[in-house]
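The values are calculated or read from the model by the stated rules, or taken from the named source; none is laboratory data. The model shown is predicted, which means the values in this text are computed figures rather than measured ones. Glycine also receives a Cβ, built like all others from the backbone with ideal geometry; neighbour counts cover every protein chain displayed. What goes into the accessible areas is simple: the full protein's heavy atoms, side chains included, and nothing from ligands, DNA or RNA. Shrake-Rupley method; radii C 1.70, N 1.55, O 1.52, S 1.80 Å.
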Amino acid sequence: MDWFELIVIPTIRSLVLIVVLLTGFAYLTWYERKLLARFHVRYGPNRAGPFGLLQPVADAVKAVFKEEVIPNHVDKAVYVLAPALALIPALIIWAVIPIGKGFPAVADVPIGFLWILAVAGIESYGVILAGWSSNNNYSLLGALRSSAQMISYELPLGLFLISILLLAGDFSLVNLVEAPRAWWEWIWLWIMFPLFFICILAETNRSPFDLPETENELVAGFQTEYGGIKFALFFMAEYINMITTSAIMATLFFGGYRLPFGIGGEIMPWLGPFILAGKVVVLLFLFIWVRASLGRPRYDQLMRFSWKTLLPISLGYMIVTALLVVFFK
Amino acid sequence: MLDVAPRVRQYEILPSLQPPGIPAVAPLPTGESEDTRRIAERFGDAVLAAGLHHGQQVVYIKPEQLVALAEFAKTDPHLRYETLIDVSAVDRSELPVSDHRFHTVYQLRSYSRKQHLMIVCPLDDGDEPTAPSLTGVYSGATWPEREVWDLMGIRFAGHPDPRRILMPENWPNHPLQKQVPLGGEEVPFTLTWEDPEFESLGKQILEAKSAPPKLPPGMSLEHMVINLGPHHPSTHGVLRLVVELDGETVVNVDADLGYLHSGFEKTGENKRYKDFVYYTDRMDYLTAMSNNLGYCLAVEKLLGVEIPPRAQALRVIMAELQRIASHLFWLSTHVLDVSGTGMSLLMYATRERERILDLFEMVCGARLTVGYMRIGGVSRDIPPAFLPHLEEFLKIMPEQIDDYERMLTHGPLWSERLIGIGKITREEALDMGLTGPMLRGSGVDWDLRRDAPYSGYENYDFKVPVANEGDCYARYLVRMEEMRQSLRIIRQAVDNLPDGPYRAEDRKITPPPRAELDISMEALIHHFKLMTEGFHVPPGMAYQGIESSKGELGFFIYSDGTARPYRLHVRGPSFNNLYAISKMSKGHMLSDVITNIGSIDIVLGEVDR
């Protein structure tokens, strides 16, 4: 029984999760294109299947059957590995996110928070190595921007996470969702949500912080030399990251799989995964909304914002949270 | 390598059609003005002729005194010609003259005194002439002089950067010289596997061996040198910028032009006057109406033809609609450059531009390359449905502009990206010969529509927006306000649209109406003559500048009395404004180079012509 519970069940869960995430990624591209088109007063994809629903399938087929081009001037091993390195962290971060009552995605590890921070830390390697191995000036600039940006935004992100940790008092994400919270805790959390969201935008390289791949100055940034399925892997990593971070935000700020009055928790626990999915979709809408309406800051402005605005705010927030916890909890 | 012997031109005019007795020599000025008298007094014998020609102040000066004259014109308190608008040249080898084969022609403007001065400098030394360079007086002469060297083969003594600019470095001739044929040249690069150059290029791709790059003067490989373009998402076409970077800070920028050079000037010299109108559409394809207007006005200046008021008002409406369309497209691409493809304003501005294109389609059937205007008027009257649609456009447009401003002017990210970027002071703008919003964004209160009115602009009441900061944000504000003022002009033009003919009744210039052909022999003759031969333009030279959406669009025409322009030169505002890119970008970040390109508002079809 032991080996069954330790190996087979997690394997099946992981496989199901990966299939769901890849499908989710495919339809997230469709969702983004449709939404952006609506913001842009266009129609978006509407030729492949009803409402263009088969568009992701067509895209996938196209990407898979494209010729594998590996330029001669690249560092081949790293060049091929980099897309995988970008994608894997985006997937494995899901292991600790609770998707239903008593039902963590793969395992309820007691150090869920640390897992998220650790995996988020290695996410940038894929991008940096891709830019470095491409041996191309645009890619290199994109990679340098990416490393600097991710390091700068991980600091306030980490400090915000510590604040949440202080409130929760537990490293486990499952306990975080299940534990009851006082009303002032919710409000105090939500005050911080916009800033946290900004950090997440930078962390996932999403517009307006998509400076590593600014198409209008660096052509495609770190992925300039990539094509076909290897490019699709980077694409996948970015979009799965969006889904992942949305799920994390839903878990940390909006009660994960639970709705008020215990729906999804004690009442109708089978609804949990769907409630989480619904929250993720709403948060993804935010990502796309921001992309359609905000311009892009310059690289130095982005860094200045992180170090001179976000970092002091997050530090102050952490201190105040600690005081609140000490005196009211 | 290449056969440059003269060939028979395809559209050679038969000798019998050449009007007899017209002296095809330099158009000499008559009379005098205050400025020309002052110059003639100051320079004495060096001035070969000075006076008025078609209402333009013209001075013929000996090359020895050219630089002194320019300095005098710039610094003399009574003249104050602050800026050099254009440099061009005429190859007179096909005229019945024996001396001074090349003339260089300079257009100077005084913004404070609202004056225009044309300086003509006949060059000695026959086929390989050298002219003194004016770059020491006006730095804006740098690119135009390079262009004259490239296309006309005139060297400029003392030029700081005497490279070719539009044609490849190894091009064997100077295309605008009259002995160079139109078309049929052998292209001096080949695409065969045997060609050693191609072989090395192929190896470079297949074997990852990169040759040391050929750097523009003044750059070194100590820093990272990257190539923006010619195939780059944000260079607005096929512009190539070589950018030297220290980290992400720009050390040096060098522009490489000519990827879209299509020889409009040479083509124009081989077309009849009336047939070149359609070619002007293709230069700056975003302001086709303004290009038509500028060219027609230049020819009409030489013809001395009177344009009926309705045609003038229609031209104003179209030119202003075109200005709005061009500014809208500038706005959408500028937003794209600064903010990325997701930004929705890109599509909002394009949506409104679409309405203008629909209006153009109603009047002439085309949307982009309109070819609507004719020498002597416009090609046809507006259809009855045009005015209601235009009214609707006038009604919704002001709200839309407010909407854009709400998204940009009051948004923190937009001003953060634009304020303080690409700064040009008033003096620099004048020195570099910038025009249009680039000039007004730097605090020079000048608009040709108001200060040198043409096509009846003096009858309209509008303001010229000026901003003093000289950065990208100032230029953005100027252009946004210009759209509002253009709406005002269109409003007035529509309200006071006169009745009457839509083109001049001069049958020597405009064809008679179709109905007249059936009943009038004379009309038939006129029609036949116009369609087979075109009309003859009296000899002379004229420079006509108009305020296009990007700046001063100038046409210089040198006529020898035949049905084709002897020399046709286009002063493209994009070309002269792009010269500022190097100065604007140095010391800023790489992203700001892209912002600056967008802020200059270039169309490569016009830069390269």
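Taking all Cα pairs closer than 8 Å and separated by 6 or more residues, the relative contact order of the range B:481-608 comes to 14 percent. Its relative contact order, with pairs defined as Cα atoms under 8 Å and 6+ residues apart, puts the range A:1-122 at 20 percent. Spin-label model, residue B:495/residue B:71: points 7 Å from Cα along the beta carbon direction are separated by 5.3 nm. Computed about the Cα centre, the dipole magnitude for the range B:146-185 is approximately 120 debye when only Lys and Arg (+1) and Asp and Glu (-1) carry charge, each at its Cβ. When only alpha carbons are used to place a centre, the range A:10-66 and the range B:102-175 end up 58 Å from one another. When the range B:264-311 is described by a simple charge dipole with +1 on each Lys and Arg Cβ and -1 on each Asp and Glu Cβ, the residue from B:298, B:273, B:287 located farthest towards its positive end is B:273. Where a Cα-Cα gap under 18 Å defines reach, which aspartates and glutamates qualify for residue A:66, not counting those fewer than 8 residues away within the same chain? Counting by Cα, and skipping residues close in sequence, residue A:66 has these aspartates and glutamates nearby: A:225.
Can you list, largest first and rounded to whole Å, the semi-axes you get for the protein assembly as shown by taking the square root of 5 times each eigenvalue of its Cα gyration tensor? Numbers along the way, then the final one.
Details: eigenvalues 771, 182, 142 Å².
Over the Cα atoms of the protein assembly as shown, the semi-axes work out to 62, 30, 27 Å.
Let me have the relative contact order for chain A, percent, based on Cα pairs under 8 Å that are six or more residues apart. Kindly include the intermediate steps, with their values, before the conclusion.
Numbers: 433 pairs, mean separation 75.7, N = 329.
Normalised by residue count, the contact order of chain A is 23 percent.
With K and R counted +1 and D and E -1, the other residues having a Cβ less than 11 Å from that of residue B:126 yield a net charge of -4.
In this Cβ point-charge picture (+1 for Lys and Arg, -1 for Asp and Glu), the range B:236-388 has a dipole of about 840 debye about its Cα centre. Note on the range B:468-524 and the range B:363-392: Cα centroid distance 9 Å, given to the nearest whole angstrom.
Using a simple spin-label model with pseudo-atoms 7 Å out from Cα toward Cβ, residue A:122 and residue A:326 lie 3.7 nm apart.
The HN-Hα couplings worked out from phi for the range B:415-423 by the Karplus form 6.51 cos²θ - 1.76 cosθ + 1.60 (θ = phi - 60°) are 5, 4, 7, 9, 5, x, 9, x, 6 Hz, whole numbers, x standing for Gly and Pro.
I'd like to know which of B:521, B:544, B:425 lies farthest towards the positive end of the charge dipole of the range B:414-564, counting +1 on Cβ of Lys and Arg and -1 on Cβ of Asp and Glu. About the Cα centre, the residue reaching furthest to the positive side is B:425.
Estimate for me the total accessible surface buried between chains A and B (protein heavy atoms, probe 1.4 Å, no ligands or nucleic acids), in Å² to the nearest 100. Mind showing how you got there, number by number?
Details: alone 16080 and 24660 Å², together 38020 Å².
Accessible area lost upon association: around 2700 Å².
Quick one, could you list the DSSP H helices from chain A stretching 30 Å or more along their long axis (Cα atoms) with average Kyte-Doolittle hydropathy of 1.6 or above? List each step's numbers first, then the result.
Working: long enough: A:9-39 (43 Å, 1.05); A:112-133 (33 Å, 1.44); A:137-168 (45 Å, 1.17); A:228-253 (37 Å, 1.32); A:272-293 (32 Å, 1.84).
Helix filter hits for chain A: A:272-293.
The gain in end-to-end length when the residue B:45 to residue B:392 segment is fully stretched comes to 118.7 nm, 0.36 nm per residue minus the alpha carbon separation. Amide H to amide H distances under 5 Å link residue B:548 with B:553, where only residues 5 or more positions off or on other chains count and H is placed in the peptide plane. Using the rule -39500 (n - 2.57) for each DSSP H run of four or more residues, divided by the residues of the protein assembly as shown, the 222 nm mean residue ellipticity is -15000 deg cm²/dmol.
How large is the dipole of the range A:122-204 about the Cα centre if only Lys and Arg carry +1 and Asp and Glu carry -1, each at its Cβ, rounded to the nearest 20 debye?
220 debye
Each residue of the range B:127-143 is assigned a 3J(HN,Hα), and the resulting list reads 7, 10, x, 10, 10, x, 8, 9, 4, x, 8, 10, 5, x, 6, 4, 6 Hz, derived from the Karplus form 6.51 cos²θ - 1.76 cosθ + 1.60 (θ = phi - 60°), x at Gly and Pro. Within the shell of other residues whose beta carbon sits under 9 angstrom from the beta carbon of residue B:594, the net charge comes to -3, with Lys and Arg scored +1 and Asp and Glu -1.
Within 15 Å, Cβ to Cβ, of residue A:315, how many net charges do the neighbouring residues add up to if Lys/Arg are +1 and Asp/Glu are -1? Provide the component values of the computation, followed by the final result.
Working: positive: A:308; negative: A:154.
Once positives and negatives cancel, what remains is 0.
Listed cross-link partners B:74/B:463; A:34/A:62; B:62/B:271 are compared with a 22 Å cut-off, the Cα-Cα value being larger for B:74/B:463; B:62/B:271.
Once a ≥ b ≥ c are taken as the square roots of the eigenvalues of the Cα gyration tensor of the range B:17-153, is the result rounded (a/c under 1.5), prolate (a/b larger than b/c) or oblate (a/b not larger than b/c)? Oblate, because a/c is 1.5 or more while a/b does not exceed b/c.
Ranking A:19, A:65, A:39 by Cα position along the charge dipole of the range A:1-73, where only Lys, Arg, Asp and Glu carry charges on their C-beta atoms, puts A:39 farthest toward the positive end.
The convex hull drawn around the Cα atoms of chain B, when projected onto a plane and averaged over every direction, covers 29.4 nm². Here is the size of the range A:1-79 from its Cα atoms: Rg then Dmax, 18.9, 57 Å. Return the subset of B:178/B:214; B:266/B:508; B:114/B:301; B:178/B:508; B:274/B:529 for which the Cα-Cα distance in this structure is over 21 Å, preserving the input order. Beyond 21 Å: B:178/B:214; B:266/B:508; B:178/B:508.
In this structure the amide hydrogen of residue B:85, modeled in the peptide plane, comes within under 5 Å of the amide hydrogens of B:107, B:108, B:109, none closer than 5 places in sequence on its chain. Considering the range B:353-444 at the alpha-carbon level, its Rg and Dmax are found to be 19.0, 49 Å. For residue B:131, the residues 5 or more places off, or on other chains, whose built amide H falls under 5 Å of its own are B:155, B:156, B:157. Rounded to whole numbers, the Karplus 3J(HN,Hα) couplings from phi for the range B:152-163 are 10, x, 9, 7, 10, 5, x, 6, x, 9, x, 9 Hz, using 6.51 cos²θ - 1.76 cosθ + 1.60 with θ = phi - 60°, and x at Gly and Pro. Here residue B:521 and residue B:223 are evaluated by their C-beta separation; at R0 = 60 Å the FRET efficiency comes out at 0.20.
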